[in-house]
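So the structure is just underneath, and the comments pick up after that.
The values are calculated or read from the model by the stated rules, or taken from the named source; none is laboratory data. Since the model is a prediction, treat every value here as computed from it, not as a measurement. Every residue, glycine among them, receives a Cβ derived from its backbone with ideal geometry; neighbour counts consider all protein chains shown.
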Amino acid sequence: MGLIFFGRIAQAALALLALRIITSLLTPEEMGRWSLLLAVTSFFVLAMVNPLGMFINRRLHSWVENGKIDRYMIYYSIYLSGVGLFSAFLLYASNTYYVAVPGMPLFWVVALVFCAIIFATLNQTYIPSLNLLGYRGWFVVLTLGTVIISLIASVLLVTWFKPEAVLWQGGQLIGQGMLAIVGSLLFFRFTKDHKKQNSSSEELLVTSAKVFTVLAFIWPLAISVLLIWVQSQSYRFLVQDVIGLEALGLFVVGYGVSASLIGVFESVIGTYFIPTFYKRTSSEDRHEQALSWHEYASAMLASLLVTIAIIISVSDELARVLLDEKFAPAAQYIVWGALAEAARVTVGTYALVAHAGMDTKKLIVPNVFSAIAAPLFVFLFISDWAAHGVGMALAMAGFIGVISSHMLLSRTFEIIMPWTKLFQAGVISLLLIAVTEAAHAMLGVSDTLVESFFWLLSMGAVLLVILFMLLKSQIDREVA
C-alpha cells in the first residue's frame, strides 16, 4: 500500500510540474489545439477500447493461469490496429465536413490518434496488469518512467523544433510507446510463472459465443463512457467554433489545474478506503452494503468539500505557481473546474452503490441527463458569458448528474447519507473561504511566485490538518 501511495503522489507531482512546463513552452492557442487532439483521441479510446480493457482486467488472472493470455493479447493488439485504422478512415472521411483540429495538418492528426490508440493503450494495459499480478514495484517504476520519459521527449521536441501541440503530443507518445514495450516484455516474462496449465488450440479460437460474451459485458460500459465523453469533452469543439482556440486553451488549462489537484485527492482517498469498501460489499446483505457505502462516502464527500474550498480560496496563487505568466487569465476558470470536478467525484461515489449491487445499468440514465445538459448549457451560455458560460454549464450539468444519481439509485438501493459529517465539512469549508478572503483583503493578493508558494504551503498544511481531524476515526477503524 505504501509503495502505491508513493507512486501516486510522485505521479501527481510530475503532472503538476508538466503543467508548469507545457504552459511555459506552448501558447494558449496551441494548448487549445492540443486539447482538441486529446478529445478526438479519447472519443475512439473510450468508445471502442476502454470497455474491452475492463473486460481484460476482469479475466486477467484466469487467462494467465490457463495459459491463454499470450494468444488473447495478440488478438487484442490486432483489434487495436483495427480501431486505429477505423479512426483514420473516419477522420479522413469527416474532414470535408468538419475540421476537428484547426491549424494541425490532417495527416498528423490521423497519425497521432492512430499511434495513441496503439501505444498509449498498450502502455495502460501492460503496466497496470503488472500491479494486478502483484508486481507493484515494477508498476510504480514503469508508471513514473512513462511520465518522465514522455515529459523529456516532449520538451526536447518543442525546444529543438517548434513549440507546437503536434510535437508535444509526439513526445508523449514516444514515452508511452517505449515503456509499453518494456512493460510488455516484463508482463510476458512474469505471466510464465503464474501459468498453471496449457489450453488446447480449440480453447484459444475466437468463437461467436466468446464474442457475444464480450459484447454483453462491454456494451453498457461503452454507452456510459461515451456519455461521459459527451459531458466532459465534447464542449471543446463548440468553444473553438464560437470563441476560438486561445479562449479554449485558457479555459482547459484553468480547468486542468482543478482536475489535477482533485484527481490527486481522489486517488489518495480511494487508494486507502476503496479496498475496505469492496471487501465489505462482497456480502449479499444489502444493509451491510449500504453501511459500507456510508463509510466510504463519509470519507470521500466530506473531505472533498474541504478540498474544494481550499482550491477556490487559493485559485490565484495556484495559477501563479503552476502556470506560466501568459496563462494568468486561466486563474478565473479554476473555480469552475473545482465545482465541475466535485460533481464528477460525487457521481462516481454514487456509482459505487450500483457496483456493490452488481447492477451498473442503473448508471446509464444519470449519465444521459448530464450528457444532454452539458452541451445544451454550453450552447445556451457561451454567447453571453464566453468561457465563464462554459464553466457554468459544466458545473450545472455535473450537479444534474449528482441529483439524478441520488434520486434514481435511492429507489433501488438503500443509501445512508453521511449528513452529519457533510454538515461539519460544509461549515468548515465556508469558514475557510471566509477567513481566506479576509486574509487576502487585509494582506493583499500574493504578488510574487515565492509569496504564492508559501501561501500554498500554508493552506496545504491547513488542509492536511483538517482532513486528518475529519478522517481520524475512520482511519483508526481501518488500522484496527
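Looking at the range 62-81, can you tell me whether even one residue there is assigned to a helix (DSSP H, G or I), in contact with a helix residue (DSSP H, G or I) (Cβ under 7 Å, 6 or more places away or on another chain), over 23 Å from LEU245 (Cα atoms) and acidic (Asp, Glu)?
Within the range 62-81, one or more residues are assigned to a helix (DSSP H, G or I), in contact with a helix residue (DSSP H, G or I) (Cβ under 7 Å, 6 or more places away or on another chain), over 23 Å from LEU245 (Cα atoms) and acidic (Asp, Glu).
Select from the range 413-429 the residues that are among the aliphatic types (A, V, I, L, M) and either in a loop (DSSP other than H, G, I, E, B) or surrounded by 12 or more Cβ atoms within 10 Å (Cβ to Cβ) (or both) and list them in ascending order.
Within the range 413-429, ILE415, ILE416, MET417, LEU422, ALA425, ILE428 qualify.
Look through the range 188-209, keep the residues that are part of a helix (DSSP H, G or I) and surrounded by 11 or more Cβ atoms within 10 Å (Cβ to Cβ), and return whichever of them is modelled with the lowest pLDDT.
Ranking the candidates gives HIS194 first.
Run down PHE369, PHE327, PHE273, PHE379 and say which single residue is free of Cβ contacts under 8 Å to residues at least 40 places away in the same chain and part of a helix (DSSP H, G or I).
PHE369
Only one residue in ILE9, ILE56 is surrounded by fewer than 16 Cβ atoms within 10 Å (Cβ to Cβ) and part of a helix (DSSP H, G or I), so which one is that?
Of ILE9, ILE56, the one residue that is surrounded by fewer than 16 Cβ atoms within 10 Å (Cβ to Cβ) and part of a helix (DSSP H, G or I) is ILE9.
Somewhere in the range 107-127, is a residue under 20 Å from GLY171 (Cα atoms), without any contact (Cβ under 8 Å) to a residue 12 or more places away in the chain and part of a helix (DSSP H, G or I)?
yes
Can you name the condition, by its number, that SER77 falls short on among (1) under 21 Å from TRP34 (Cα atoms); (2) among the hydroxyl-bearing types (Ser, Thr, Tyr); (3) in contact (Cβ under 8 Å) with a residue 24 or more places away in the chain?
(1)
How about the range 134-182: which of its residues are among the small types (Gly, Ala, Ser) and not in a helix (DSSP H, G or I)?
GLY134
Quick test of your reading of the structure: GLY67 fulfils all but one of (1) under 25 Å from the mean Cα position of the chain (by Cα); (2) at positive phi. Name the failing condition by number.
Single failed check for GLY67: (1).
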